[in-house]
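Below is one structure; the comments refer to it alone.
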Amino acid sequence: MNTLEVISPLTGSLLGNIAVADAPAVDAAVQRAAEAFQTWGLTPVKERVQPLFRFKQLVEKNLRELSELVTAENGKTVEESEAGIRKGLEVVEFAAAIPMIARGGKLEVSRGVDCYSRSYPLGVVAGITPFNFPAMVPLWMFPIAIATGNTFLLKPSEQVPLTPVRLGELLLEAGLPEHVFQVVQGDRGTVEALLDHPGIAAAAFVGSTNVARQVYARGIAAGKRMLCLGGAKNHLIVVPDAEPEITAKNVVSSATGCAGQRCMAASVLITVGNCDAVMRAIEAEMRAVVPGKNLGAIISGAAKARIEGFIDRAEAAGARIAVDGRGTVVQGREGGFYVGPTLIEGLDVGNECACDEIFGPVLTVLHVDTLEEALAIENANPYGNAASIYTSSGATARYFEERASAGMIGVNIGVPVPREPFAFGGWNESKFGIGDITGEDGIRFWTKEKKITQKWTASASQNWMS
Ligand code: NAD
C-alpha cells in the first residue's frame, strides 16, 4: 500500500505517515457508508442532531489539544488554529438547529387538496478539503451533511490528514454511529476514485481553482451533485478618508494572518488618490509582525520557494520590495518553512503578483486616481471570493458594495467571512456550482425534496388540478 509522509511546516520534521486509499479501499469505505445510511437516513432529524450537540462540547473541551494538532501539521499559530475551529463550530451550531429551521412547507393548494414538501438525504456523500484549514473547512461540510441524514466520506488534504482523524474520534465519542463519518486518506488518485464511484451521490470540494474546475467536471460527468470552491485573489481598496491606523492594522492582519494562506486573505491593496498616511502605517505595521510568534509557517518547502519566486520576479521587473520576507529563519525552528511579511510596490496592473493567487503573506500595492479605476481592476480579476473597502463614508461603501465582483464584501474589514447563518461562498472562478457551502444553501445541497399532493375529502367534486 502506498504511504505519504506528513511533514511539520514548523520544523520540517516528520510527523507521521498516512496510507493512501486506492480504488478498492475507497469502494470498501463507500460500502460501509452505504450500510450505515440504511439506518442513519431513516433516523428522525431530531435524533440525528443529538451527537452534534455533544460533539460541539467535546471539541470545546479539547480545543487546546485540537488547536495544537492543527498548528503542528499546518504551521499556523495556535491562536489562529483555535479561531478556525471556533468558526467551524458555528456550522455545528447551525446543523444542530436544522430541526428548527428546515421544517418544509404545507399549503392547501385547492379545496381539500394539500401540497407539502419533505426533504430527503442524498445517501453516501463526500467532501474533499485543502490544507489551509484542517478543521474548519471539513466543518463547513460534514455537520450539515450528517444532520440532513447522509453518511459522509472526508478526503482531507494529504498535507494535514491528522486533525480530521481526531474530529472523527470525537464524533464517535459524541455518539455518532459508526461509519456515518469516515476519513479516507490520500491524494489525487483517491479523489478520482471517489468522483468515479457510482455509490457516491454528491461531493463538495474546497481547494485551488484549477483543481476545483477539474473535480467539478469529473464529478458532474459521473452524475454527481457537485459544489467546488476554488482559489482567490482578494482586493482591498483604500480611499483617502479611511482612518489610517485602524485601516493599517486591519489590512496587515488580513494579508499576514495564517501566513497569507487563506482564501479570504488580502492580496492586492489598491490605494485611491493620496493615501500616504495609510501606506506609512501599513509598512510600519508589517515590520512589527514577528515570524514564529504572530506569523505562522508556510505549508511546505515547495510552497515557500513558490512564494519567494513571485517576489524575486517582481523585483526583477523593477518593483520596490518595501518589506521583504524572503530568507526568513525562525530561531530554534531552522528547518521550518517561513516567509516574512512582504510589501510590493510599483508593479504594473498586469504583473503576475497583481493577478495570480500567491497564497503567502505578500501584499501587492497598486495606486490609482479614482474608485472607478480601482473597481475596474477588481472586476477584471477572474476570481471573486472577497473584496473590501476602507472608508469613513457610508455612500462610498455602498457604491463599492454594489459594484465589486465578489461573493463576500467587507467594509472596513479585511477578512469578510460571513458569520453563520450567513453562508460562505464566492463568485466567478472562486466557485463552480450553485449556492454557498454553509447556511441554508448547505441544507439544499445535501438534500433532495419530495413534493406530496394529497386529497382527503368527503367530496367527490373535481376541478382542473385535483
Ligand atoms: P489543492 O487544490 O492543491 O488541494 C485540495 C484538495 O484536492 C486536496 O485534498 C488534494 O489532495 C486534492 N487534489 C490536489 N490535486 C488534485 C487533482 N489534480 N485532482 C483531484 N484532487 C486533487 O489546494 P490546497 O493547496 O490544499 O489549498 C489551497 C487552495 O485552496 C488555495 O487555492 C485556496 O484559495 C483554496 N481555498 C479556497 C477556499 C474557498 O472557500 N474558496 C477555502 C480554503 C482554501
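The values are calculated or read from the model by the stated rules, or taken from the named source; none is laboratory data. Source: prediction; values computed, not measured. All Cβ positions, even for glycine, are placed from backbone atoms using ideal geometry, and neighbour counts span all protein chains on display. Ligands, DNA and RNA are stripped out before the accessible areas are found, and what is left, the full protein with its side chains, is counted by its heavy atoms. Shrake-Rupley method; radii C 1.70, N 1.55, O 1.52, S 1.80 Å.
A viscosity of 0.890 mPa s and a temperature of 25 °C, combined with the Kirkwood radius over Cα pairs in Stokes-Einstein, give a translational diffusion coefficient for the range 333-466 of 129 µm²/s. Restricting the range 123-220 to GluC sites (Glu not before Pro) that sit in a DSSP loop and have at most 12 other Cβ atoms within 10 Å of their own Cβ leaves Glu178. Taking the helices alone, the chain has a mean residue ellipticity at 222 nm of -12000 deg cm²/dmol, built from -39,500 (n - 2.57) per DSSP H run of at least 4 residues and averaged over all its residues.
Of all DSSP bridge pairs formed entirely within the chain, close to 40 percent run antiparallel. Count Lys and Arg as plus one, Asp and Glu as minus one, and take only other residues whose Cβ is under 11 Å from that of Ala33; the net charge is then -2. Taking the inverse of the mean 1/r over every pair of distinct Cα atoms in the chain gives a Kirkwood hydrodynamic radius of 23.4 Å. Its relative contact order, with pairs defined as Cα atoms under 8 Å and 6+ residues apart, puts the chain at 19 percent. For the range 199-303, dividing the convex hull volume of the Cα atoms by the residue count gives 144 Å³ per residue. Using the average count of surrounding beta-carbon atoms within 10 Å as a protection proxy, the listed peptides 364-371, 20-27 rank, highest first, as 364-371, 20-27. Sequence-distant contacts, meaning Cα pairs under 8 Å at least 6 residues apart, place the relative contact order of the range 4-126 at 26 percent. Could you tell me how far the Cα centroid of the range 320-394 sits from the Cα centroid of the range 28-59, in Å? So the two Cα centres are separated by 43 Å.
Here the calculated FRET efficiency for Thr453 and Thr39, from their Cβ-Cβ distance with R0 = 35 Å, stands at 0.75, rounded to the nearest 0.05. Counting heavy atoms of the protein chains alone, Ser208 has an accessible area of about 60 Å² for a 1.4 Å probe. Can you tell me what percent of all Cα-Cα pairs in the range 106-221 are more than 24 Å apart? The proportion of pairs with Cα distances above 24 Å equals 31 percent. Taking the three principal axes of the alpha carbon atoms in the range 173-252, the coordinate ranges are 56, 37, 21 Å, sorted in descending order. Computed with a 1.4 Å probe on the full set of protein chains, the accessible area for Trp427 sits at about 130 Å².
Pairs over the 23 Å Cα-Cα cut-off, from the set Lys76/Lys224; Lys155/Lys431; Lys56/Lys448; Lys233/Lys304: Lys76/Lys224; Lys56/Lys448.
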